[in-house]
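The values are calculated or read from the model by the stated rules, or taken from the named source; none is laboratory data. Everything quoted here is computed from the prediction, not taken from an experiment. Ideal geometry is used to build each Cβ from the backbone, glycine not excepted, and the neighbour counts take in all protein chains shown.
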Amino acid sequence: MTFELLLFYVFGAILLGAALALITVRNPVYAALFLVLCFFTAAAIWLLAEAEFLAIVLVLVYVGAVMVLFLFVVMMLDINVEQLREGFTEYLPAGLVVAAAMATVLTLVITRFITMDPPEPAGADYANTLELGRILYTDYVYPFEIAAVILLVAIIAAISLTMRRRPDTKSIDPTEQMKARREDRVRLVSMESEPRERKKKKGA
Amino acid sequence: MFDWIMESFYNLPVVMQILFKITLIVTPLMLAVAYTTYAERKVIGYIQVRIGPNRVGPRGWLQPIADALKLLTKEVILPTNANRFLFLSAPVLAIVPALAAWAVIPFDDGMVLADVNAGLLYLLALTSLGVYGVIIAGWASNSKYALLGAMRSAAQIVAYEIAMGFALVGVIMAAGSLNVGEIVRAQEGSVYHWFLLPLLPLFFVYFISGVAETNRAPFDVAEGESEIVAGFHVEYSGMAFAVFFLAEYANMILISALAALLFLGGWLSPFQGILPEGVFAWPAIGWVLDSGIHWFLLKTAFFLFLFLWFRATFPRYRYDQIMRLGWKVLIPVTIVWLFVLGVFIFMGLGPWFA
C-alpha cells in the first residue's frame with residue numbers, strides 16, 4: 001500500500017465519521033463544526049486527486065466563508081432541539097423517498113466508475129488551476145457565463161428580498177454623517193467684548 | 001566544512017529535512033512575534049511621548065522574555081459551564097493557520113518551504129481560517145462579551161476577506177501566476193516594475209483589509225476593550241491567552257510579508273536596474289545593494305511598523321462604519337480597478353505588462 005493510498009483511507013475514514021456525527025450529534029454547533037471537518041477532509045482527498053484548485057477553493061469558500069456564517073447564525077439563535085425533532089415521524093416517508101433516490105443515483109455512479117482503471121497521475125508540471133481555467137474559458141464559456149449571470153441574479157434577489165426600510169430604528173446613515181461639515185455645526189459669532197464690571201466700592 | 005554539512009543534511013530522511021526547515025522558519029518567527037510586541041510598546045510609547053518598557057534588561061530588551069515567562073507560569077482558568085474541549089482547542093485553531101501560511105512564503109529566490117502552484121490561493125484559504133479560533137473561543141467561553149466579540153469579528157473578517165480576495169485577483173492578473181515566487185519574479189527589472197504603481201488602489205485595499213482581518217486598530221472591534229472588555233478572549237488566561245496573541249502577531253507579520261511580496265517585489269532590491277550592474281559585484285556593499293532576503297525583511301518590517309503607527313494614530317471605527325467601508329467602499333474600488341487593469345494588460349501598458 002502506497003503512502004497516498006494510506007492517506008486516502010485515513011481521510012476517507014475521518015470524512016465518513018464526521019458525516020455520521022454531523023447528522024447524529026445533538027448540539028447544532030457541534031454539527032456545524034463536524035460539517036467543517038467534512039469539508040476539510042474532502043478537500044484533502046481532492047488534493048490527493050491532484051485537484052488542488054478545487055480543494056483550496058472548497059476550503060476558502062465553504063470553510064472560510066459559508067460555514068462561518070452558519071456558525072454565526074447557529075450560535076446566535078437559541079435553537080430548541082426538541083421542537084425540531086417533533087415532526088420526525090411525520091416527515092419520515094418523504095425522507096425515505098429522498099434517501100432512496102439519492103442511494104440509487106450514487107449506486108449508478110459508483111457502479112459505472114468502480115470498474116474503471118485509475119487515471120494516470122499527471123506530471124509535476126501539471127497545474128490544476130491552469131487546466132480548469134483553460135476549459136472554463138474556452139469549451140464551457142457559455143455555460144460558465146450563464147452560471148455567473150444566474151448567481152448575480154440570485155445575489156440581487158437575496159438583497160432585494162431582505163432589504164426593508166425601518167423608520168423605527170435609530171441607526172444613522174454613515175454617508176449622511178460623512179457629509180456633515182464644520183459649517184453645519186459650528187457658528188462663529190463675533191461679539192463686542194463687554195467692559196469688565198468694576199468691583200463695587202465698600203459701603204456703597 | 002559547509003559542503004559536508006549540506007551533504008549530511010541531504011542524507012537525512014525527507015521528513016527530518018522538512019522538520020528542520022520548519023524549525024528554521026518558526027523559531028525566528030516566534031522571536032519576531034515576541035519582539036514585535038516589544039516594538040509595539042516602544043513605538044506607541046514614543047508616539048505618545050513616553051519611553052515605553054525600560055526596566056527589564058538594558059533598555060527593556062528582555063521585556064518580551066519576562067512577559068512570556070509570566071504568561072507561562074500563570075494558571076489557565078476554565079470558566080464554569082465553558083465547553084472544555086472547544087475552549088482549549090480555540091487557541092490552537094487560531095495559531096495553526098497563522099503558522100501554516102508561512103509554508104509558501106518565499107524569503108529569497110527559491111528559499112521557500114513548499115513551492116506550490118496555487119500558493120496565493122492557499123494563503124487566502126488559510127488566512128480565512130483564523131476566524132474559527134475567534135468564533136469558537138467566543139462561543140465556548142460561555143460569556144456574553146466573548147460571544148459579542150466573536151460575532152463582530154466573524155462578520156468583519158468575512159466582509160474584508162472578499163475585498164482582500166479581489167485585491168489579490170488583481171495581483172494574479174498582473175503576474176499571470178498563483179505561485180508567490182513567480183509573482184515576485186514578474187516584478188523583476190527595477191523599482192518601476194514593482195506592482196505598487198499599477199495596482200496602487202488594490203494595494204491600499206489589500207493593506208486596509210489586512211489590518212481589518214488581523215483585528216488590529218482601528219478595526220479592533222473584536223476586542224473593543226472600552227465596549228466589551230476584551231471581546232472573544234476575555235475568559236482566557238495564562239498560555240491559552242498568550243497563544244491568541246502569538247496568532248495575532250504572526251498574522252500581522254504574515255500580512256506585512258505578503259504586502260512586501262505582492263506589491264513591493266519581495267526580495268528584489270530597489271536599486272536593481274538603476275545602479276550599474278558592476279556595483280553589485282563590489283564586496284560587502286554590493287551584497288547589501290543586491291537583491292536578497294534582507295530587502296524582504298526590511299519591507300516586511302516597514303509594513304509592520306505601519307500596523308503600530310495606525311494603532312497609535314486612528315481612533316476605533318464604529319461597527320456600522322466598518323461594514324460600510326468594507327462592502328460599499330473597498331469592494332467597488334477593487335472591482336473598478338480590475339476592469340482598469342484588464343484594459344492596462346490588453347494595451348500592454350508601461351514596463352509592467354509589456
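What to note about this one:
- Residue count for segment B:76-112, restricted to those that are closer than 26 Å to B:L124 by Cα and part of a helix (DSSP H, G or I): 19
- The one condition from (1) within 14 Å of the chain's Cα centre (by Cα); (2) more than 12 Å from every other protein chain (Cβ to nearest Cβ); (3) over 24 Å from A:A31 (Cβ atoms) that B:A100 does not meet is (2).
- Residue in segment B:150-158 that is in a helix (DSSP H, G or I), at the interface with another protein chain (Cβ under 7 Å from one of its Cβ atoms), within 19 Å of the chain's Cα centre (by Cα) and surrounded by fewer than 24 Cβ atoms within 10 Å (Cβ to Cβ) present: yes
- Put simply, of B:K299, B:K328 the only residue that is of a type in the set (D, E, K, R), closer than 30 Å to A:P174 by Cα and assigned to a helix (DSSP H, G or I) is B:K328.
- Pairs, first within 14 Å of chain A (Cβ to nearest Cβ) in segment B:74-86, second at pLDDT 80 or above, C-beta under 6 Å, six or more apart: B:N81/B:N142; B:A82/B:A140; B:A82/B:S141; B:A82/B:N142; B:N83/B:A140; B:L86/B:I136; B:L86/B:A140
- Yes/no for B:A260 being within 24 Å of B:G189 (Cα to Cα), in contact with a Ser or Thr (Cβ under 6 Å, 6 or more places away or on another chain) and surrounded by 13 or more Cβ atoms within 10 Å (Cβ to Cβ): yes
- Qualifying residue in segment B:162-180 (condition: closer than 13 Å to B:W352 by Cβ and either within 11 Å of another protein chain (Cβ to nearest Cβ) or hydroxyl-bearing (S, T, Y) (or both)): yes
- Extreme residue, nearest to A:T129 (Cα to Cα), among residues of segment B:175-193 that are touching a residue at least 12 places away in the same chain (Cβ under 8 Å) and touching a helix residue (DSSP H, G or I) at 6+ places or on another chain (Cβ under 7 Å): B:L178
- Hey, B:G286 within 14 Å of chain A (Cβ to nearest Cβ) and part of a helix (DSSP H, G or I) or not: no
- Helices (runs of 4 or more DSSP H) wholly inside segment A:94-204 that include at least 1 residues being loosely packed, with under 10 Cβ neighbours inside 10 Å: A:141-162, A:174-179, A:182-185
- Qualifying residue in segment B:168-179 (condition: among the β-branched types (V, I, T) and part of a loop (DSSP other than H, G, I, E, B)): no
- Meets criteria (surrounded by fewer than 13 Cβ atoms within 10 Å (Cβ to Cβ), closer than 26 Å to B:F85 by Cβ and of a type outside the set (S, T, N, Q)) for A:L20: yes
- Residue list for segment A:19-56, restricted to those being within 12 Å of chain B (Cβ to nearest Cβ), touching a helix residue (DSSP H, G or I) at 6+ places or on another chain (Cβ under 7 Å) and touching a residue at least 24 places away in the same chain (Cβ under 8 Å): A:P28, A:V29, A:A32, A:V36, A:F39, A:E50, A:A51, A:E52, A:F53, A:L54
- Candidates B:F244, B:F207, B:F263: the one that is closer than 26 Å to B:A100 by Cα, of a type in the set (A, V, I, L, M, F, W, C) and in contact with a Leu (Cβ under 7 Å, 6 or more places away or on another chain) is B:F263.
- Exclusive hit being without any contact (Cβ under 8 Å) to a residue 24 or more places away in the chain and more than 14 Å from chain A (Cβ to nearest Cβ), set B:L262, B:L268, B:L306, B:L275: B:L275
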